[in-house]
Every structure is written in C-alpha cells, then in structure tokens.
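The values are calculated or read from the model by the stated rules, or taken from the named source; none is laboratory data. Only a predicted model underlies this, so the values are computations on that prediction, with no experimental measurement involved. All Cβ positions, glycine included, derive from the backbone under ideal geometry; neighbour counts span all protein chains shown.
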Amino acid sequence: MMRFTTLIKNPADWMTGEGADNTIVLTSRIRLARNLRGESFPGWAKKEQRRRTLEILRPAVEALPCMKDAFSQELDDLNSVQKQVLVERHLISREHAARGEGSAAVIERRQSIALMLNEEDHLRMQAIRPGMSLRAAYDSLAAVDEELEQSLEIAFDHELGYLTTCPTNLGTGLRASAMLHLPALVLSDQIGQVLQAVNKIGLAVRGLYGEGTESLGNLFQISNQSTLGESEETILRRLERVIAQVATHERNARDKLLEDDPEMVSDKIGRAYGVLRHAWIIDSKEALNHLSLLRLGGDLGFLPNETVKSCDALLMDIQPAHLQLHSGRKLSPEERDSIRAEIVRTRLQTLQAPDIRSTRKKDEDDQNPEML
Amino acid sequence: MDCDICGKKAKVHLTQLVGGQIKKIALCDDCAKEKGVTDPTGFALAEMLLGKTPGKPVVTAQQAVAAQVGGGGSGVGRRCPGCGFTLDDLRRIRRFGCATCYVTFKEEVNAMLRGMHKGTKHCGKVPAGLMELHERTQRLEELRGRLDQAITSENYEEAAGLRDEIRQIEIRATGTPKTSESP
C-alpha cells in the first residue's frame, strides 16, 4: 500500500495542467454517489454497521484494477493535518474528513481517481482531469462503477435510480463540475451577468474558496444541480456546452481588456508580481488574488507561459495544511503567513519582471514565444 | 453556522443570486418559518434581508427538501422496517436512513421531489446485474399471472407451455427450477 507521504509528494497532473490546455478551465471533475442495498446509510448507521459496511466495501474497492498499489487508509488513522491536506487537494470532502470511525479513503496513485467510503453515502467516487475533459473523467469513473457493480449489491430503484442518502442526489448520483479561472470577466465587471445566465439554466456556480459571496483568486466552479430525470449524457452535454461558452466569454474579455485598457492590465499584473516577489508576510486571500493575476499575465504574454503552471502548483501549496505539512509542525496563522511568503518568493525567484512593452506591440498571436 | 437574523443555530441554508452576486443566507427554523421561507415559491429573501432588488429567486435543492418535509402531513409514528428510521427523523435531518426508506416514505419522497430535479423518473444508467434481474422478475411475474389464469380456465395445454417457459427461465437464472413450481 502507498504511504501518505508518497501520495502527496508530487502534484497530480490535474493540478498543474499536465497534458491539457488548462488556461481557463483548470480541472474537470465527476462524482458518483452509490449505496449498498440492505445496509443503513452511513449517517444513520450505528458504529458496528458502519464497520460492517466498510468491511464489504473496502476489499471490493481495493481490488479495482486502477487501485493497484493505491493509497488506502481509514480516516481514524490519519492526523488532522494529513486529513486537511487531502481536503485541500480535493481528494476527500470536508465532511468526510470530519467523519471518524468506519470511514476510509482509497486514492489511485496519480490522484486522478479517489473513492470515499462511508461519506454521506456508502460510496462517493470521484475522477479529476486537467482542462476541459468531463467526458474522459466520466468514462474513467463509469468503468470503476461498472467494475464495482460486479461485486457489490448497489441500491437501485427503477423509478428513482441510484438511491442516495439525500434526495438531491437521486437518479444518476452524478455531480459533474469544472473549475474556471475568470479574471478578465471579473476585471471587466461582466462576471455577474455570466453567472446569472449560468444559474438560470439550473447549473450551480460557486467560488472555489470560502462560502461567502466573494470568490478568491477569480476561481469559480460550475456544476449540475439536477441528478434525476435526465441521463448522464444529457447532463454532461449541457455542462460542456455552458462551460465552453463561459470560457469563450473569458477569452474574448481577455482580448478586449488588452485592447481597451492595456495600462490597467499592466498595472494589475505588475503590482501582483511586485507583491509576490517581495512580500514577507502574506495571508492566503492576498496570495490567491495576486497569483490569479500573475496567472493571467502568463496567459497574456506578460510573463513566460510556464508561469501558469507555477501559479497552479502554488495555489495548492500555500494552503494552510500544505504549509504545515511542508514545515513538519503545527503553525500559528502568523507563522503561516511568513512561510507562505517565503515559499512564494522562492518559487518565483527566477521569474523576470513582466514584459509590458512587447505585449503592447503584440498582434493576434497570444503565445508567440519570441515575445516572451 | 448561525442564523443571520437571530444568531441561533441555523437549519436552513439558502443561496440566491442577487444582481449577479451569490448571496448565502442561513436561518434557524423559527426565523425561516416567520419569513415564509418554507413556501418555496413565495419569498424574496434577499430583498427582505439585504434591502436589494433580487433577481429571480433560486431555491436550492436543500431548501426544497426543507420546505416539503417541514410542511406537515400525517403518520408521525411511521417507522422504516429496514433501519428504524421514522418520519420525525426525516423531518429533522432531511435525509434518509436506508434504501428501504424510499419505499416506507414514498409519499414524502414524492412531495420532496416536486421541483427538486429536472424530472421525477430515472433516465440514466442501470446497474448491469440489476437490469437483467429487473427484466427477469417482470417477465416471471407476467408468466405466473398467465399460468394462474390458464389453470383457472382449465386451459391445461397453455398452462403446461407456460410452466415450461417459467422453468426454463429459472434454470437459466439459478441452475435449478424452484420445486414449488412443479406440479
């Protein structure tokens, strides 16, 4: 079995956009909820029942071909920082981290498939891919689902579909989502309209970090809300269409910003660069917002294109539990802010100042390497 | 999370889109009732709480659950034979105890599902194993019904044919025919 440190040592492909265009759509994620017939759902089950369910689920899950040499741990055996790191990586949910006895996480080596055992449902399965690839993510998870159906008796009703603890997940049990970076729509004040339109067709939009009204780092997640009454295909097709449209809007907004107000864009990116390169104390909110602009600079040609990847890695690594794992001890919020600043400075050490002049001259070709 | 109005423990969480911004509002049971949030069609929460003109209210699925389950009904004492879950539990936690609950509380399920999803009937994938079982069970039910009829109307020739067909399906499914089906 894979150890925690080995699992976490390297970022997953989906975190750094390896092998895909992730400039606007960072990641695509699919979640399926499944339960066993004849066993109480985890939230209602007594401790012994949860144990028994885990004993049924775990061997079946570990026997999956994709879970060869996987990471497989009961949550009780992980400390709070380790659990939090898994949450920050989106490999388990916050709710799952809070559950104790009888809950486990089984995570494929490349962190692209993660199964939560005894979460709100007996099984919450997830596949993540870089860029816009909901279909590929769904296909890989559907294969896992079909494999498990061979050995597990899944709760299913011909009228209501897959039966879930909460009726909001009935039917397909499918939640498909994509993470989008939309700085130009935010800078040009169009984000409200766009999100409203997305919401109107029954899709949910939320900020990546925090429950509040603001979205940190201009990162947004779009997902389906309805799971019953439509096929997986219909749900995926609608999401794909809407996400592609939002991404096009963002692309157009980036082009237009550069054309209409290059000075403002240069100023924003230049300031973000200055702060990140020279700050000694930085909280996550400030770091996320500046990294977002630096990331935009990487895409618009102000900074080398690899900047996008560095920013993506940093987005993950500057989160509180990741900082504590990096330091090997519990950190006070003040200590975190200094260590965060230190990591950011170190990673961006070799990054040259934004090249404002060349972007002013640039024509249609956004990514002409000669200009970088 | 605490209630945005009175600070008690919040039970109802509501998301609304206001002028393009997402507003999240948490309410305790009492305030939710008082503000009429339990009627999913008739409220404009953002306007009321934030003093702004709201867009079209968006009722979250969870909100719909809260509204439907909180909305009264009879049979408080009903208990799920599968897991011991009661109607009171359902009203309290707004989730179910086991798969059988969906049969036990069918009426409530139907009420909860109104407006929650795009539809009320599953159109997606079916577990491979269950698909076969499902079809077989239905076919056997139909054949047994016809067999009973044939026997009642003393149509023994048809009955024998039906009996053979039932046996064949059973042999294919389990390897042995059920002895009870033998004459």
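When A:Thr234, A:Thr248 are checked against the criterion of being farther than 26 Å from A:Gly17 by Cβ, part of a helix (DSSP H, G or I) and within 24 Å of the chain's Cα centre (by Cα), a single residue qualifies: A:Thr234. Considering only segment B:105-120, I want to know if a residue exists there that is at pLDDT 90 or above, assigned to a helix (DSSP H, G or I), closer than 27 Å to A:Glu149 by Cα and facing chain A (nearest Cβ under 7 Å). The answer is yes; a qualifying residue exists.
Listed by position, the strands (runs of 3 or more DSSP E) enclosed by segment A:98-211 that each have at least 1 residues that are within 12 Å of another protein chain (Cβ to nearest Cβ) and crowded, with 20+ Cβ neighbours inside 10 Å are A:174-181, A:203-207. Taking residues in segment A:3-14 that are charged (D, E, K, R), and partners anywhere that are surrounded by fewer than 19 Cβ atoms within 10 Å (Cβ to Cβ) and modelled with pLDDT of 85 or more, the pairs with Cβ atoms closer than 8 Å and at least 6 places apart or on different chains are A:Asp13/A:Arg110. Does A:Asp260 meet the test of being among the charged types (D, E, K, R) and away from every other protein chain (no Cβ under 14 Å)? Taking the combined requirement at face value, the residue satisfies it. When every residue of segment A:49-58 is checked against the conditions, none turns out to be aliphatic (A, V, I, L, M), under 28 Å from the mean Cα position of the chain (by Cα) and outside any helix (DSSP H, G or I). If you go through segment A:85-92 one residue at a time, do you hit one that is closer than 30 Å to A:Leu300 by Cα, out of contact with any Pro (no Cβ under 7 Å at 6 or more places or on another chain), in contact (Cβ under 8 Å) with a residue 40 or more places away in the chain and part of a loop (DSSP other than H, G, I, E, B)? Checked against the condition, which is being closer than 30 Å to A:Leu300 by Cα, out of contact with any Pro (no Cβ under 7 Å at 6 or more places or on another chain), in contact (Cβ under 8 Å) with a residue 40 or more places away in the chain and part of a loop (DSSP other than H, G, I, E, B), segment A:85-92 yields at least one hit.
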